[in-house]
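Working notes, structure below.
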Amino acid sequence: MSRVTTPSGSVTALNSSKATRGTGWNGCVRKLATLAVSAIGMMPWVAVPAATSSAAGNTVAVARSGAADASGATVATHTAAPVNLAFFYGANVPVDLLQAFDAVVLDPAQGFDPSAHPLSHTVWLARTDGAAAGSATDFVARQIEPLWARGYRGFLLETPAAIAAIDAIRAAHPDARLVVGGPNALQAAQPHAGALYAVVGDALVRGLDETRMQPAEVPDALRESRMAAARAFTQRTGVPVVSLEYCDGNDRDCARATAAKVVAAGMVPYVTDAARDVVGIGAIEVLPRKILVLQDRDTKEPLDGTAGVRDLAMPLNYLGYDVEYADFDSALPSGITPDRYAGVVAWFQRDAVPDAEQLRRWVAGRIAAHVPIVFLGQFGFDAAEDGGAALDLEAVPGTPAAPVSIVSRDPMVGFETNPKPDARDLLGVRVGSKSRSLLRVSANGELLDQVAITPWGGYALNPYTVESLIGVDQERWAIEPIKFLTAALRLQTMPSPSVTTENGRRLFMTHVDGDGFASRAEFPGADFSGEALYQKIFTRYKVPMTLSVIEGEVGMKGLHPDISPRLEEIARKMFALPYVEIGTHTYSHPFEWDNVDDKGERRVDRGGGDAAFSLDIPGYTFNIDREITGSIDYINERLAPPGKKTVVLQWSGDCQPPGIVVRKVYDAGVFNINGGDTVITKTDNSWTNIAPIGVDKGPGAYQVYAPNQDENVYTNEWLGPFYGFTRVLETFDMTDKPRRFKPIDIYYHMYSGTKVASLHALDQIFSTVLKQPVLPVHVTDYIRKVLDWRSFAVARGVGSNGASWVVRGDGEVRELHWPGTQAPVLDASPGVTGFAPGADGTYIHIDNGSARVSFAATSAAGNAANAANATLPYIAEANGFVRRFERTPDGMRFDFGGYYQPFVKLANAQTCRVSVDGRAVAARRDGNALRFDTPGVAGPAVKYQSVEVACGR
């Protein structure tokens, strides 16, 4: 079976057809479930795959066993299918976090639009009020139908009127997930058990007091009786009972401990607050992956140039965390709670914070809410005096004085540079017994702590953050940021989504900015740079690539109407190459995007004329819509071949557009890329030269950075040497080992086609990269991964299931980075297709953006898991995309395709045979490994073929 689809477009189609493989999938799931219990214990939170239930998952799969009653007769007992149910009644629904659950009950009165947030793994359920009088038919018409039309696909029924309408609801919507709650829920649900997804039972550990406002402990005797009733109900009906538990909203320790107690008793919890407006903890705890960076920047300057973006975000991205930014000069943000944010980093670089008291109060609020906070540079207020014992800080009176010496220093300090302590830089502060000093100095006999981990987070004071090297225009980290931030923010080790890798191979892309397309080639043969690149690069390396032009350079209304026909001819034939995606590099190539005003409609006149702001095109007045949609329309109408459209805007100039301009690009229906300045080399070896994944410039305005920089940087701004771009190979190597920070992006300009030296450099770079274990992708494939990465959910099992994880995204991210060396337990990890060791941990391959990843919880279980992994076939490596993966009784089955020289390498496959689209294929064997190749597709779409792997013993 073959199909043609783009990698991103394949998700929906493949999901919808997964049921056609139900027999093999279900048999595999049953086998995996049995093995999982023996390997890591019972996991009540692991959801049944969709193929085992009805379309909406409402049909409860149960196991029946015989039990004798008092008369000796055999009575059927039932084991409930696992359920992963959450409740959220707040207005600001955190879709990215809640998608870790299978079903989420919302309050429809809050205005959430489920149809705008469809999720393949999560169903939105609506809370009903049941207040409407009349028949069950009236209830369905007045409440259920409007909610169904809004996109809700299940309902919480808590009143007699609502529960009485269950049959009518089922008749109207057989696939609806129905949950019964309210007083005496078990008794009320009994007659309707066959139609139910779950029942909300009474709290077992912590309920609410008589005011229904405050959490209160459930007495032991009452707990036992409730637990017995819930177990009896499930044994009779097969319907799971979820106990709704309560803690203060910011007390994650309470929620975690409460959930663990319920799980240990074999029940299913959901722990929330009285208002049910936090992301609670069930049998899984969703880890927040957002970190707020608070800065004292000049808001007139671009966000991109701040230390929070330039230096801090990359280490946080590597650890799996997305970054949001706030400016102290603006209102300090609210809603920074521990269920949504992993922490706060405040980096102050100016001498004084405008309102220190406001900052102190805000910080105290975050600490009271149990949100870890880190200070870099300075505190911004007198933390030792104002915080004192509450912060475990002691103010050391007087002005620090020489002589200064180091008393103790943690290995984290002195990472890329080791500043010599100077009394003028020191702050008179010392930590207490609850903290851990990382750098203690003596200043004229007084002990001072300049870097420390504290009960509330930690701090690194100047100059022990990033130090500028005088005279060489370089920076260095004085503290190892990954280790320090992990310790200070209490960041958990997790299998984080990866945008650098897929199926064990490093992603490789290439894109070209349009600058210099009108430049003449400086050697015989080709006339213009674009033609030279077409002959020497574009047609030689048939890999996915994204090419762009500047309309003002190429079009008849631009700078060169005399040569426009020839330039358009070259552009048309390069865009017609089947493996080329089309980008726009704007109309007039703005150089300084921060000169666009806050409406994005006109340029702020700061002097210098149009020539200083963009290309000086006669008769043109800057207009942002002309730059974006105008250039897109020009390319689509004049240059793009039939069936192709512009898909990405490649930022020009300083690549620092304001948020409103980024939003306009998304509104135009295309992606965006460029900016970031990843330029680390052996002569400027610092993590400060590795940019983050992108920068959040406000709602709907995420700018995706290029993974690394272009040849302009490596050739001294195109002054020479013109072969200098070959040094990008150093960058590729240094962003891969010892840590894989980035994929590979051969990013350059059209003017590289003007010189022999620059063309030879490109040839050397391409040929070198393609000899490495890379997976060629389009730039837009990468951008989709980045956008999925931002909202990707990672959840950890509670209590004894803490070695097991649930991960969910929209299907673009299909690789996890686990910083440890241990491999997942394959027979207990549905959705995992394989794994590969890396220099910085283990890379875990997943399918369809959703998986349960289990690691051995004990050394004994680890030995058993290693033994199982040593015999179970899995995908070790693939130069292509895997879809619809499923295990069969004697092997595996999946769809596979790739752009460039695709192949699959299987481990533990010494007895396996492979067929592709029903035909046996030749395979190369190397010990227990097996490799087979499939035809590549030199085009924008991947042709997927059905692969069957049979491993008879």
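Only the coordinates and a few stated rules stand behind these numbers; no lab work does. Computed from a predicted structure; not experimentally measured. Here Cβ is always computed from backbone atoms with ideal geometry, including for glycine, and neighbour counts include all displayed protein chains.
Worth a mention:
- The relative contact order of the chain comes to 12 percent, based on Cα pairs under 8 Å that sit 6 or more residues apart.
- Cut-off under 5 Å, modelled amide H: who pairs with Val271 long-range: Glu245, Ile281, Gly282
- For the chain, a simple Cβ point-charge model (Lys and Arg +1, Asp and Glu -1, everything else neutral) yields a dipole of about 3880 debye relative to the Cα centre.
- For the chain, share of DSSP beta bridges that run antiparallel, in % to the nearest 5: 60
- Per-selection Rg to Rh, the chain - Cα, Kirkwood hydrodynamic radius: 0.98
- Entries in Lys542/Lys755; Lys290/Lys682; Lys536/Lys737 that, when Cα-Cα distance is taken, lie over 24 Å: Lys290/Lys682; Lys536/Lys737
- The stretch 203-262 - Kirkwood radius from inverse mean 1/r over Cα pairs (Å): 12.3
- Sorted ascending by nearby beta carbons within 10 Å, beginning with the fewest, Asp926, Asp175 become Asp926, Asp175.
- Per-residue HN-Hα couplings for the stretch 701-718 [Karplus 6.51, -1.76, 1.60; θ = phi - 60°; Hz; x = Gly/Pro]: 9, 8, 8, 8, 7, 5, x, 7, 8, 8, 5, 4, 5, 7, 10, 6, 6, 6
- Packing order of peptides 506-515, 298-307, highest average first: 506-515, 298-307 (average count of other Cβ atoms within 10 Å over each peptide's residues).
- Nearby lysines by direct alpha-carbon distance to Lys300 (threshold 23 angstrom, same-chain neighbours under 8 apart not counted): Lys599, Lys664, Lys697
- Amide H contacts of Gly891 (H built 1.01 Å from N, under 5 Å, at least 5 apart or other chain): Cys951
- Each peptide in 516-528, 580-592 was scored by the mean count of other Cβ atoms within 10 Å over its residues; highest first, the order is 580-592, 516-528.
- Percentage of interatomic Cα-Cα distances in the stretch 290-488 larger than 23 Å: 41
- In the frame of its principal axes, the stretch 510-772 has Cα extents of 46, 44, 38 Å, reported largest first.
- Taking every alpha-carbon pair under 8 Å whose residues sit at least 6 apart, the stretch 510-772 reaches a relative contact order of 21 percent.
- Taking every alpha-carbon pair under 8 Å whose residues sit at least 6 apart, the stretch 76-282 reaches a relative contact order of 21 percent.
- Peptides 630-643, 772-785 ordered by average Cβ neighbours within 10 Å, highest first: 772-785, 630-643
- Using θ = phi - 60° and Karplus 6.51 cos²θ - 1.76 cosθ + 1.60, couplings along the stretch 781-789 (whole Hz; Gly, Pro as x): 4, 5, 4, 4, 4, 4, 5, 5, 3
- Sorted largest first, the principal axis extents computed over the alpha-carbon atoms of the stretch 76-282 equal 43, 42, 34 Å.
- Shape category assigned to the stretch 579-712 from the gyration tensor of Cα positions, a/c cut at 1.5: oblate
- Each DSSP beta bridge with both residues in the stretch 290-488 is either parallel or antiparallel, and the antiparallel ones are about 55%.
- Along the stretch 520-536 the Karplus relation, 6.51 cos²θ - 1.76 cosθ + 1.60 evaluated at θ = phi - 60°, assigns HN-Hα couplings of 6, 6, 9, 7, x, x, 7, 8, 10, 4, x, 5, 4, 5, 4, 6, 9 Hz to successive residues, with x for each Gly and Pro.
- Estimated 222 nm signal from helices in the chain, with DSSP H stretches of n ≥ 4 weighted -39500 (n - 2.57), rounded to 500: -6000 deg cm²/dmol
- Cα coordinate range in the stretch 724-851, projected on the principal axes (Å, largest first): 63, 27, 19
- Scattering curve values for the stretch 228-376, log₁₀ I(q)/I(0), Debye with Cα scatterers, q = 0.10, 0.11, 0.17 Å⁻¹: -0.47, -0.55, -0.96
- Prolate/oblate/rounded label for the stretch 185-297 (Cα gyration tensor, a/c 1.5): prolate
- Least to most buried among Arg212, Arg226 (fewest other Cβ within 10 Å first): Arg212, Arg226
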